[in-house]
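Following: one structure in structure tokens, then a few remarks.
The values are calculated or read from the model by the stated rules, or taken from the named source; none is laboratory data. If you're wondering where the values come from, they're calculated on a predicted model, not measured in any experiment. Cβ placement follows ideal geometry from the backbone for every residue including glycine, while neighbour counts extend to all protein chains displayed. For accessibility, only protein heavy atoms count, side chains too; no ligands or nucleic acids. Shrake-Rupley method; radii C 1.70, N 1.55, O 1.52, S 1.80 Å.
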Amino acid sequence: MALIRTMSEADHSVVAGLLASADLAPDGGLYSTEGIDVLVADQDGEVVGVVEYDLHCDFGRDQGRAGHLGKQAWIYNIVVAERRGELGRALLTGVAHRAQEAGRTFLALAPQDGNDALSRRAFFQACGLTLIEPETPGAAWGCPVTDVLRRSTPEPRYT
């Protein structure tokens with residue numbers, strides 16, 4: 001059973017490696033969590049997934065993006081080491097739980113383009129997110145936090 005928890009200092013290098021494996025390494029190669037929140041999926045003591053997010057983001061409002069509704073939480077990156085069952089969904093649900101606790105009502109992200117963009121989009125749709133802007137590269141997807149929670153699976157533990 002997976003444990004979804006806040007990243008610890010000891011997880012730092014593993015999280016950096018997971019992000020690098022998905023070509024999401026930060027500029028300059030130094031990983032920093034400054035200004036973001038990070039959850040990890042811990043399976044049998046091994047970090048096998050990560051999600052970076054911001055609970056206090058109103059991304060798009062200043063640019064007049066009408067599709068960004070409510071008080072938002074924004075997901076920057078989500079990476080799972082291998083396709084391991086429901087870990088991606090569990091990480092997304094972990095963010096939704098924290099967003100709801102923080103009074104956020106809407107969850108948004110912009111799926112990465114690339115070779116597996118279609119499978120990523122299918123994953124986000126299965127979790128309840130929909131396209132909230134005209135379909136162009138970098139277009140945002142989102143949904144009410146309650147939509148993600150309603151579709152979640154109860155298996156993982158959250159701390």
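Could you please find all residues in the range 103-131 being over 15 Å from Leu91 (Cβ atoms), modelled with pLDDT of 85 or more and out of contact with any helix residue (DSSP H, G or I) (no Cβ under 7 Å at 6 or more places or on another chain)?
Across the range 103-131, the qualifying residues are Gly103, Ala108, Ala122, Gln125, Thr130, Leu131.
Give the residue, chosen from Glu86, Glu52, Glu82, Glu46, that is open to solvent by 70 Å² or more (accessible area, probe 1.4 Å), modelled with pLDDT of 90 or more and within 29 Å of Gly17 (Cβ to Cβ). Before you say what the answer is, go through the steps one by one.
Values: Glu86 fails: modelled with pLDDT of 90 or more; Glu52 fails: open to solvent by 70 Å² or more (accessible area, probe 1.4 Å); Glu82 fails: modelled with pLDDT of 90 or more.
Going through Glu86, Glu52, Glu82, Glu46 in turn, the sole match is Glu46.
Can you name every residue in the range 119-147 that is open to solvent by 70 Å² or more (accessible area, probe 1.4 Å) and acidic (Asp, Glu)?
Glu135
Quickly run through the range 92-149 and pick out the residues that are assigned to a loop (DSSP other than H, G, I, E, B) and basic (Lys, Arg).
Step one: list which residues in the range 92-149 are assigned to a loop (DSSP other than H, G, I, E, B), which gives 102-105, 110-116, 127-129, 132-140.
Result: Arg104, single match.
For Gly35, state whether it is out of contact with any helix residue (DSSP H, G or I) (no Cβ under 9 Å at 6 or more places or on another chain), assigned to a loop (DSSP other than H, G, I, E, B) and modelled with pLDDT under 80.
Details: out of contact with any helix residue (DSSP H, G or I) (no Cβ under 9 Å at 6 or more places or on another chain): yes; assigned to a loop (DSSP other than H, G, I, E, B): yes; modelled with pLDDT under 80: no.
No: the conditions fail for Gly35.
Here are some conditions: (1) modelled with pLDDT under 85; (2) of a type in the set (S, T, N, Q); (3) buried (at least 18 other Cβ atoms within 10 Å of the Cβ). Gln63 meets all but one. Which one does it not meet?
In the conditions (1) modelled with pLDDT under 85; (2) of a type in the set (S, T, N, Q); (3) buried (at least 18 other Cβ atoms within 10 Å of the Cβ), Gln63 misses (3) alone.
Return the only residue of Arg104, Arg150 being exposed (fewer than 15 other Cβ atoms within 10 Å of the Cβ), of a type in the set (D, E, K, R) and at negative phi.
On the way: Arg104 fails: exposed (fewer than 15 other Cβ atoms within 10 Å of the Cβ).
Result of the check over Arg104, Arg150: Arg150.
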